[in-house]
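**Student:** I am attaching a structure below and will ask some questions about it afterwards.
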Amino acid sequence: MAGLLDFAVRFGTEERCIEHLAGLRWPGGFVCSGCGGRVAWRLKARPRVYECGTCHRQESVTAGTVFHRTRTDLMKWFLAAYLMGRDKRGVSAKFLQRELVVAYQTAWTMAHKLRHGLSEDPTDCCVGSSSGRDLHRRPGRSDKFRTQHGQP
């Protein structure tokens, strides 16, 4: 893929994005995780969801990905990933907000999830922590105060 125009041709519609994710999820065609059935159809009301023709189990192409449970168009997600991958300095949530025409919170969430998903080792933040409580703890004034006054 050479540039933005090629990207737009390949992922220019929601339908193409869904087909791409389905191809990545089921490279040899749909296979139900419940019964192993190979016949499925897409739901009209929820186009990202496939329903097994045998057991009627529903599986989403976005399940288990950074796109899980998003209401934002997949085209915008794919474009955000493209923009983040093309700029070696990284892109800000404010930039994504302007370019994708989404709310700042949506842009921030997209950038956060994509950075985490594209990182080399997303579990690296948990190394050395003894509990889930201190995963997001940052050293600061309160930590300095506690250590100076003999508190844990």
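The values are calculated or read from the model by the stated rules, or taken from the named source; none is laboratory data. For clarity, every value in this text was computed on a predicted model and none was experimentally measured. Note: ideal-geometry Cβ built from the backbone for every residue, glycine included; neighbour counts use all protein chains shown.
**Student:** Where in segment 49-152 are there helices (runs of 4 or more DSSP H), lying wholly inside it, with at least 1 residues that are acidic (Asp, Glu) and at pLDDT 95 or above?
**Tutor:** In segment 49-152, 93-100 are the helices (runs of 4 or more DSSP H) which contain 1 or more residues that are acidic (Asp, Glu) and at pLDDT 95 or above.
**Student:** A further question follows. Look through Leu43, Leu83 and report the one residue that is surrounded by fewer than 16 Cβ atoms within 10 Å (Cβ to Cβ), without any contact (Cβ under 8 Å) to a residue 60 or more places away in the chain and of a type in the set (A, V, I, L, M).
**Tutor:** One residue alone meets the criteria, Leu43.
**Student:** Let me ask you something else. Do you know which residues across segment 14-27 are more than 16 Å from Glu59 (Cα to Cα) and loosely packed, with under 14 Cβ neighbours inside 10 Å?
**Tutor:** If the condition is that a residue be more than 16 Å from Glu59 (Cα to Cα) and loosely packed, with under 14 Cβ neighbours inside 10 Å, then Glu15 is the only one that fits.
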